[in-house]
Amino acid sequence: MLLTLIRIKDALLLKIRHHQNLILQAMFLIALTFIVYSPSFFGSFIFDDIGHIFEDRRLRTFSGLMKIWLYPFEDYQHQYYPLTSTTLWLAHSLWGFKTLGFHLINVSLHSFNALLLWRLLSQLKVPGGYWGAMIFAVSPVNVQSVAWIIELKNVQSCFFYLASAVIFVQMLPQMGRRRWALYGLSLGLFILALLSKAATSSLPLGLLLILFWKRRETFWRDFLLLIPYAIIGGGFASFVKHLEENFSGAGVDLHLSLADRWVLLGQTLWFYASKLVLPIDIRFIYARWQVDATQMLQWLPTLGLILVLGLFVKMRKKWGNGPLVGLLYFFAAVGPLVFMTVAYMRFSYVANHWVYWASLGFTALMATAVAQIFTHQKLRVAVMLVIVCALGTRSWFHAHLYEGPTAIWSHVLEANPVESMAYLNLANDLRKTDTDKSSRMYQLALTYSPYSHRSLFGLGTLYLVNNQPELCRFYTTQALFYSPGDYRIQFQNARARIVLGQVDECQKLLEKILKRKPDQFESIVLLAHVYLIHGRVEDARKLADQAIEIDPEDHQTRGIVGMIQARDGLFEEAKGNLLNSIMRNPKFSDGLLTLGVINHQQGHLGIAIMYYRRALAVNDDAVAANEKLGLALWEQGHWAEALMHCRKAYDLDTARILAGRRAADALGHLGRMDEAKMLFEKLQTSQARSPQLINERAWLLAVMGKPESLPLALQVAQMTQHQVALVLDTLAAAYATTGDFKNATHWCNEALVITGKSGEATLEVGLKARLKSYEQKQRWSSYSREAEPDASN
């Protein structure tokens with residue numbers, strides 16, 4: 001009895017020690033993975049991250065989450081992976097666009113994938129399974145899938161993929177309810193993998209190979225279990241293939257025959273195998289080589305594959321079925337891609353992130369080979385450590401490239417100095433920090449790809465940022481020649497046109513975009529702005545409501561809502577929204593202008609002038625800003641500066657009659673009477689029946705001593721039925737000019753009666769001074785209506 005207890009105790013201690021070792025090994029594997037990828041933790045968004053994360057407004061609202069799942073045919077997503085997008089949606093909800101959190105998710109999932117691979121290889125009794133998982137964790141080829149944020153779809157889908165495989169293998173020897181519960185769980189995990197990325201549809205092939213390897217005696221019975229996997233996986237893969245080839249891949253013609261694709265199969269598989277074994281030159285993007293099946297030498301890689309496959313088949317008795325299964329899985333996991341037309345193949349036939357799942361089998365094959373060759377345990381461990389350290393060090397250095405776009409694209413250009421896409425993306429990255437260098441990069445991109453609509457679009461965008469809308473319009477029009485349906489180019493062309501004052505053309509372009517893409521956010525906001533310019537407030541309000549539904553926190557939305565609220569007289573609410581928008585975009589000139597108008601109407605003239613000046617700092621030729629600033633300065637009596645801005649607004653747009661009147665009035669206050677007279681005459685040619693303009697011109701002529709002031713003064717007095725004090729004041733001055741001081745005195749007294757009732761105190765003081773002059777038989781010669789002539793400034 002005592003002996004039995006001792007044996008039980010020893011067995012328990014051994015089991016505990018074994019579990020402790022497993023935990024320590026798992027912790028070491030996770031720690032190693034985090035260390036290797038640590039250089040990328042604070043990396044920014046790069047390449048597709050911008051469009052699929054930062055610019056994807058579906059990630060910002062709950063209604064956007066519904067669109068992610070329910071509207072797969074929206075062409076802004078190049079594949080349908082709603083579960084991955086849901087993870088991104090949750091991440092954005094938690095920490096916004098801070099990239100550290102996104103990187104930590106990727107690295108965590110990759111480390112879990114390494115643990116799951118270790119578990120799967122242990123279940124299959126693969127020699128060196130732990131080392132295989134470690135090689136997978138630190139392989140430089142996998143850096144792109146882990147350090148690049150958008151490749152969350154790879155690491156997340158692989159997590160569910162491996163979890164499904166582990167549960168499936170665990171299910172095989174089970175019986176009864178437990179067997180079917182595990183089977184349902186495995187199938188459910190497979191569906192989650194597909195919803196994360198459709199490339200995981202290769203799992204049924206992997207499970208089929210496992211059955212062939214480990215379950216020969218019950219193969220056909222177990223084979224039936226794979227039928228639902230095959231149906232679901234095949235159906236989902238076909239659906240996503242349809243999306244890929246008809247949306248983002250639409251119009252992509254690789255000009256490859258079937259024979260060319262068989263040639264390409266051999267070339268790509270050898271390429272990936274060489275990078276996994278000897279990752280010397282790992283690139284973010286590789287140059288696309290020429291494929292020609294008529295060249296016999298190009299068939300050598302495919303023939304080599306057949307020979308290698310034949311060798312593995314022949315050596316089954318000596319090596320077992322494991323190596324053959326690993327090789328076949330590697331072929332099946334990445335090979336079929338060459339028979340598809342993928343949008344990325346415009347740039348390259350190979351990509352590191354495409355081999356992520358295939359590397360599961362290949363790294364296991366590598367570890368098995370080392371375990372079989374080096375039978376001495378210490379020597380085997382030493383060799384494995386050397387391999388892991390070498391690969392880990394290479395990955396650690398390579399992960400530094402993912403700190404930002406400049407590092408990535410500079411690295412690409414080192415290997416391929418004629419890669420136009422690298423110049424284009426480098427130019428995009430430099431656009432906000434170094435416009436001269438950015439322009440040179442765009443020109444180089446066009447040198448190597450003269451018909452690239454993307455480069456023309458980028459160059460147009462650069463010119464718009466640099467306040468050169470004419471050049472933006474030119475280059476985006478050129479880009480539309482090569483890609484007439486690209487809404488992004490149409491939108492940028494519309495932006496250039498509105499800056500140039502071509503509002504109607506801008507409106508037509510925006511309405512054209514929204515007819516095809518009703519939820520295109522930027523076009524909705526800009527069209528709402530255009531409608532406000534045209535005074536179509538209700539139409540603008542409808543678009544603003546639509547923009548709020550898409551992204552309620554966006555500063556552009558807040559700006560448009562603020563402008564509408566200002567039109568509705570909701571000044572305080574408008575100020576809050578406009579200030580929020582301007583904090584995010586200090587160059588939002590229309591928002592600055594609207595804030596100026598609000599403060600002007602509220603009597604805060606100094607604050608209004610400050611906002612008008614800020615609006616002009618963005619565009620000193622803005623007509624409205626010049627007009628509003630000039631009018632505000634005119635109210636303050638700053639005649640010289642008021643003249644400058646009002647005259648500029650009128651010269652830019654002769655329909656701005658009020659600005660022209662105030663400019664003429666400022667000239668009068670500055671004593672430049674002849675210039676004021678000429679400007680009033682010019683104004684009256686377009687506004688012959690304006691009482692205000694006639695009265696102002698008559699006043700100028702009266703103080704200049706011109707008798708022709710009297711007919712004008714009589715005309716405007718009759719138009720106003722002798723009920724306006726300012727008009728009667730002018731009439732009195734005009735009579736005094738002709739020497740008729742009796743009528744001058746009469747109408748000056750009539751004006752005083754009206755001011756006494758209306759409370760126009762300043763004018764009343766001036767009228768009393770003029771009455772005294774008329775009684776003394778003297779005309780009024782000062783342009784100012786105040787009691788004392790003002791000093792010119």
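The values are calculated or read from the model by the stated rules, or taken from the named source; none is laboratory data. Model, not experiment: these values are computed from the prediction. Cβ placement follows ideal geometry from the backbone for every residue including glycine, while neighbour counts extend to all protein chains displayed. Ligands, DNA and RNA are excluded from the accessible area calculation, which covers all protein heavy atoms including side chains. Shrake-Rupley method; radii C 1.70, N 1.55, O 1.52, S 1.80 Å.
For the chain, what does the accessible surface come to per residue with a 1.4 Å probe? Please give it in Å².
Accessible surface, normalised per residue, equals 46 Å².
Expressed as a whole percentage, what fraction of the accessible surface of the chain belongs to carbon and sulfur atoms when a 1.4 Å probe is rolled over the protein heavy atoms?
On the way: 22100 of 36380 Å².
Carbon with sulfur: 61 percent of the solvent-accessible area.
Can you give the local net charge around V537? Use residues other than it whose beta-carbon is closer than 11 angstrom to its beta-carbon, Lys and Arg +1, Asp and Glu -1. Present the calculation step by step, with values, prior to reporting the outcome.
On the way: positive: R536, R541, K542, R567; negative: E538, D539, D568.
Cβ neighbours under 11 Å give a net charge of +1.
Students often get this wrong: which residues of the range 191-235 have the backbone nitrogen under 16 Å from the point 7 angstrom along Cα-to-C-beta of R316?
Flagged as within label range: 208-220.
Percent relative contact order of the range 636-700, based on C-alpha pairs within less than 8 angstrom and at least six residues apart?
Here the relative contact order equals 26 percent.
Whole percent per 5 Å bin, from 0 to the bin with the longest distance: what is P(r) over all C-alpha pairs of the range 308-425?
Here the calculated profile for the range 308-425 is 2, 9, 13, 15, 15, 16, 13, 9, 6, 3, 0.
How high is the relative contact order of the chain, in percent, counting Cα pairs under 8 Å that sit 6 or more residues apart?
Here the relative contact order equals 8 percent.
Average projected area of the Cα convex hull of the range 667-793, in nm²? Please report the intermediate quantities before stating the final value.
Numbers: hull surface 28.5 nm².
Dividing the Cα hull surface by four gives the mean projection, 7.1 nm².
Please give me the summed charge of the neighbours of A147: other residues whose Cβ is under 15 Å from its Cβ, Lys and Arg +1, Asp and Glu -1. Could you put the intermediate results ahead of the total?
Values: positive: K153, R283, R394; negative: D48, D49, E151, E403.
Its environment carries a net charge of -1.
To the nearest 20 debye, what is the magnitude of the charge dipole of the chain about its Cα centre, counting +1 on the Cβ of each Lys and Arg and -1 on the Cβ of each Asp and Glu?
Magnitude of the dipole: close to 3680 debye.
Anything in the chain that counts as a DSSP H helix reaching 30 Å or more along its axis (C-alpha) with Kyte-Doolittle mean of at least -0.5? List them, would you?
Membrane-span-like by this criterion, though nothing is claimed about a membrane: 2-37, 99-123, 176-196, 377-399.
Å³ per residue of the Cα convex hull, for the range 458-585?
101 Å³
With unit charges on the beta carbon (Lys/Arg positive, Asp/Glu negative), name the residue among L527, S359, V753 whose Cα is farthest towards the positive pole of the charge dipole of the chain.
The residue sitting farthest along the positive end of the dipole is S359.
So what's the back-of-envelope 222 nm ellipticity for the chain, counting only DSSP H runs of four-plus at -39500 (n - 2.57) apiece and dividing by all residues, rounded to 500? Don't skip to the end; give the middle numbers.
On the way: 39 runs with 565 residues, N = 793.
Rounded to the nearest 500, the figure is -23000 deg cm²/dmol.
To two decimal places, what compactness ratio does the range 249-297 give when its Cα radius of gyration is scaled by 2.2 N^0.38 Å?
Working it through for the range 249-297, the quotient is 1.34.
Given q = 0.22, 0.23 Å⁻¹, what are the Debye log10 I(q)/I(0) values for the range 692-760, with equal point scatterers placed on the Cα positions and solvent ignored?
For the requested q values the scattering log ratios are -0.82, -0.89.
Please give the peptides 135-141, 497-503 ranked by average Cβ packing (other Cβ atoms within 10 Å per residue), highest first, as a rough proxy for protection. Walk me through the numbers on the way to the answer.
On the way: 135-141: 26.7, 497-503: 17.3.
Highest-to-lowest ranking by the protection proxy: 135-141, 497-503.
Counting Lys and Arg as +1 and Asp and Glu as -1, what is the net charge of the other residues whose Cβ lies under 13 Å from the Cβ of I167?
Result for the local shell: +3.
Which three lengths, in whole Å and largest first, does the range 417-467 cover when its Cα atoms are put on their principal axes?
Its Cα atoms span 28, 18, 12 Å along the three principal axes.
Determine, for each peptide in 735-744, 324-333, 587-596, 770-779, the mean count of other beta carbons within 10 angstrom over its residues, then list the peptides with the highest first.
Result, highest mean first: 587-596, 324-333, 735-744, 770-779.
Using the Cα centre of the chain as origin and beta-carbon charges of +1 (Lys, Arg) and -1 (Asp, Glu), tell me which of T294, S93, G128 is placed farthest towards the positive end of the dipole.
Highest projection toward the positive end goes to G128.
Using the charge dipole of the chain (Lys, Arg: +1 at Cβ; Asp, Glu: -1 at Cβ; taken about the Cα centre), state which of Q170, L701, I68 has its Cα farthest towards the positive end.
Of the candidates, Q170 comes out farthest on the positive side.
Given labels modelled 7 Å from the Cα in the Cβ direction, how far is it in nm from V308 to R613?
Going by the 7 Å Cα→Cβ label model, 7.2 nm.
Å³ per residue of the Cα convex hull, for the chain?
220 Å³
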